[in-house]
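Student: One structure, as structure tokens, below. Some questions next.
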Amino acid sequence: MIRLQRVTKRFDGGAEALHNVSLRVDAGALAFVTGPSGAGKSTLLRLIARLERPTRGRILVNDQDLATLPRSREPQFRRGIGLVFQDHRLLFDRPVHANVALPLEILGYRRAEARKRVRAALDKVGLLHKESAAPQTLSAGEQQRVGIARAIVHRPALLLADEPTGNLDPALSREIMQLFLDFNRVGVTALIASHNLELISALRKPMLHLEHGRLEARHGPRSESPA
Ligand code: ADP
Ligand code: ADP
């Protein structure tokens with residue numbers, strides 16, 4: 001599902017955010033990316049979502065080499081990915097359902113189909129009863145659930161989450177992680193960046209550990225030697 005071969009990312013004028021990273025996450029897996037702040041976790045996720053381009057190396061997502069992905073196929077590529085952010089990035093000028101509908105609007109879904117999918121997505125995160133609420137009236141945990149509903153509303157095969165529990169207390173964090181486990185159980189591949197080691201160690205899922213942009217071989221999705 002995800003494959004990196006000797007990927008290096010250097011930002012203009014900066015140091016290397018990632019150095020020679022090779023890894024593989026199989027379809028159907030749920031894996032965590034850990035490491036201290038600045039280790040390169042966000043950069044890794046952004047490269048996989050093609051929000052950034054690598055300086056060197058090869059990235060394959062769903063057998064598609066991102067270096068050769070034509071612009072014309074970008075929308076199709078994006079459709080296969082759901083993004084969850086730490087700060088959820090909800091728009092406070094519109095109700096919950098309109099926030100969740102955003103990816104569908106971008107993808108050109110028709111209104112009736114979009115309504116159906118938005119309701120299904122909100123139901124999955126347990127917030128159907130809040131569909132008309134203003135996001136700012138929701139708790140932090142509920143807001144993150146709306147962010148997750150928005151990320152899965154177009155039924156992506158791959159979920160990428162960047163510190164999704166970063167702003168939440170331990171109990172809410174566990175609930176949010178449970179949602180990811182639930183989606184994974186029905187076939188969604190997930191890669192989740194988190195520095196909450198206490199929480200994720202208990203889940204017994206593969207972990208990829210980054211330090212200063214380098215992948216540390218530990219347990220976890222095969223950190224493969226470059227072919
Ligand atoms: P993490 O998510 O683990 O905190 P990041 O991927 O955000 O780490 O950052 C890795 C390194 O790359 C840091 O040194 C950070 O300052 C740098 N970096 C990230 N994004 C940019 C950018 N757009 N321009 C320059 N440097 C960046
Ligand atoms: P930026 O990195 O410039 O702040 P964003 O990260 O907000 O931009 O969005 C980058 C891309 O990800 C855009 O193409 C946007 O449509 C898409 N996107 C944003 N949120 C989601 C989501 N929840 N699910 C799927 N795609 C999203």
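Student: Please list 104-117, 142-155, 195-208 highest first by mean number of surrounding beta-carbon atoms within 10 Å per residue.
Tutor: Highest to lowest by the protection proxy: 142-155, 195-208, 104-117.
Student: Measure off 7 Å from each Cα along the Cα-to-Cβ vector at R10 and S132, then give the distance between these two points in nanometres to one decimal.
Tutor: Inter-label distance under the simple model: 5.7 nm.
Student: Express the C-alpha Rg of segment 63-197 as a ratio against the empirical globular expectation 2.2 N^0.38 Å, rounded to two decimals.
Tutor: Cα Rg divided by the expected 2.2 N^0.38 Å: 1.04.
Student: Suppose we keep just the alpha-carbon trace of segment 32-102; what are its Rg and Dmax in angstrom?
Tutor: In Å, with Rg to one decimal and Dmax whole: 14.8, 42.
Student: In a Debye calculation with equal point scatterers on the alpha-carbon sites of segment 67-141 and no solvent, what is log10 I(q)/I(0) at q = 0.12, 0.15 Å⁻¹?
Tutor: -0.39, -0.59
Student: Residues of segment 67-105 with amide nitrogen under 20 Å from the 7 Å Cα-to-Cβ point of R53?
Tutor: Within reach of a label on R53, which here means backbone N under 20 Å from a point 7 Å along Cα→Cβ, segment 67-105 contributes 67-79.
Student: When you count, for each residue, the other Cβ atoms within 10 Å and take the mean per peptide, how do 23-33, 166-176 rank with the highest first?
Tutor: Ranked from most to least packed, the peptides come out as 23-33, 166-176.
Student: Mind checking which of H129, Q143, A112 is farthest towards the positive end of segment 105-148's charge dipole, using Cβ charges of +1 (Lys, Arg) and -1 (Asp, Glu) about the Cα centre?
Tutor: About the Cα centre, the residue reaching furthest to the positive side is A112.
Student: Rounding to the nearest 20 debye, state how big the charge dipole of the chain is about its Cα centre with +1 on each Lys and Arg Cβ and -1 on each Asp and Glu Cβ.
Tutor: 760 debye
Student: What residue among I59, N184, G13 has its Cα farthest toward the positive end of the dipole of the chain, where the charges are +1 on Lys, Arg and -1 on Asp, Glu, each on the Cβ?
Tutor: I59
Student: Given the -39500 (n - 2.57) contribution per DSSP H run of 4+ residues, what per-residue ellipticity at 222 nm results for the chain, rounded to the nearest 500 deg cm²/dmol?
Tutor: Dividing the helical sum by the residues of the chain leaves -9500 deg cm²/dmol.
Student: So, one more: Can you pull the Rg over Rh of the chain, Cα-only, Kirkwood?
Tutor: That ratio equals 0.96.
Student: Something else: To one decimal place, what Kirkwood hydrodynamic radius in Å is obtained for segment 1-125 from all pairs of distinct Cα atoms?
Tutor: Evaluated on segment 1-125, it is 16.6 Å.
Student: Convex hull over the alpha-carbon atoms of segment 82-123: what's its volume per residue in Å³?
Tutor: Residue-normalised Cα hull volume stands at 80 Å³.
Student: While we're here: Based on C-alpha coordinates, I'd like the Rg and Dmax of segment 109-152, in Å.
Tutor: 10.3, 30
Student: Working out 0.36 nm times the residue gap between A140 and E105, then minus their Cα-Cα distance, what length gain in nm do you get to one decimal?
Tutor: Net length gain for the segment: 10.1 nm.
Student: Applying a 10 Å radius around every beta-carbon, put 47-53, 130-136, 71-77 in order of their mean neighbour count, most first.
Tutor: Final packing ranking: 47-53, 130-136, 71-77.
Student: Sticking with this one: Where both residues lie in the chain, what percent of DSSP beta bridges are antiparallel, nearest 5?
Tutor: Bridges in the chain are about 50 percent antiparallel.
Student: If I fit a long axis through the Cα atoms of helix 111-124 and take the longest principal axis of the Cα atoms of the chain, what angle between them do I get, 0 to 90°, rounded to 10?
Tutor: Taking the Cα atoms of the chain, the angle to 111-124 is about 70 degrees.
Student: Rounded to the nearest 0.05, what FRET efficiency do R214 and Q178 give with R0 = 35 Å and r taken as the Cβ-Cβ distance? Could you check?
Tutor: Efficiency computed from Cβ-Cβ geometry: 0.65.
Bear in mind these aren't lab numbers, they're just calculated from the coordinates by the rules spelled out. The shown structure was predicted, so the numbers you read here are calculated from the model rather than taken from an experiment. All Cβ positions, glycine included, derive from the backbone under ideal geometry; neighbour counts span all protein chains shown.
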